[in-house]
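Values quoted throughout were computed directly from the atomic coordinates according to the rules given, and no laboratory measurement underlies them. Source: prediction; values computed, not measured. Neighbour counts run over all protein chains shown; Cβ positions are idealised from the backbone, glycine included.
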Amino acid sequence: MAVSVLVVACQSAPSTPAASTAALPTMERIALGANSCWFKSNDAAFKAYRLAPELNSFSGKPRILIVPRRSPESRPLLVVQAEGHPAKLSAFGPLMDEPVSGRVATDVKRWAAGGTGCS
């Protein structure tokens, strides 16, 4: 009996599970972060845009689109997508040529890695 108590006492505490690196869970985290930090916070840099998530992708490339707020059917200004396991991320579109592109890249990398919060 004393031996079993000693073994239990020496075991390390359970670790928190790492964020899944598959494409869909990665893009879900990115979509939640973008929605919260860029849009629901009324961030001035994203005021003219709208988030259009397309996470249910039959192509295996879940993605989010940033489109003009007043013209959501227009061509996307930013596409962030992932594919594979571990997820390979890509971001492209006209917004990546704008000053906000550095922030987009930083935020997306943080959320993809499991980080939370806004910059």
Quiz item: How much net charge surrounds Ala19 when only other residues with a Cβ under 14 Å from its Cβ are counted (Lys, Arg +1; Asp, Glu -1)?
Solution: +2
Quiz item: Non-local amide H neighbours of Leu77 (under 5 Å, H modeled in plane, Pro and chain starts lacking H): which ones?
Solution: Ile66, Val67
Practice problem: Step through the residues of the range 83-94 one at a time and calculate ³J(HN,Hα) from phi using the Karplus curve (6.51 cos²θ - 1.76 cosθ + 1.60, θ = phi - 60°), rounding each to whole Hz and writing x for Gly and Pro. | Solution: 8, x, 9, x, 5, 9, 8, 9, 9, 7, x, x
Self-check item: GluC sites (Glu not before Pro) restricted to the range 38-96 and DSSP loop, no more than 14 other C-beta within 10 Å
Solution: Glu73
Self-check item: Where trypsin sites (Lys or Arg not before Pro) fall in DSSP loop in the range 67-119, at most 16 other Cβ within 10 Å
Solution: Arg69, Arg70
Quiz item: Can you work out the FRET efficiency for the pair Ser59 and Thr116, with r the C-beta to C-beta distance and R0 = 30 Å, to the nearest 0.05?
Solution: 0.60
Exercise. Go through the range 102-112 residue by residue and turn each phi into a ³J(HN,Hα) via Karplus (6.51, -1.76, 1.60, θ = phi - 60°); whole Hz please, and just put x for glycine and proline.
Key: x, 5, 4, 4, 5, 5, 4, 4, 5, 5, 4
Quiz prompt | Cut-off 19 Å, label 7 Å out along Cα→Cβ of Lys88, residues of the range 51-67 by amide N | solution = 57-64
Quiz item: Among the aspartates and glutamates, which fall within straight-line cross-link reach of Lys61, defined as a Cα-Cα distance under 16 Å, with same-chain neighbours fewer than 8 residues apart omitted?
Solution: Glu28, Glu83
Quiz item: Can you give the percent of C-alpha pairs in the range 49-111 whose distance is more than 20 Å?
Solution: 25
Practice problem: Would you mind calculating the gained length between Lys109 and Ser20 on full extension (0.36 nm times residue separation, minus the Cα-Cα distance), in nm to one decimal? | Solution: 30.7 nm
Quiz item: Residues with amide H under 5 Å of Arg63's amide H, sequence separation 5 or more or different chain, H placed in the peptide plane at 1.01 Å from N; which?
Solution: Glu54, Leu55
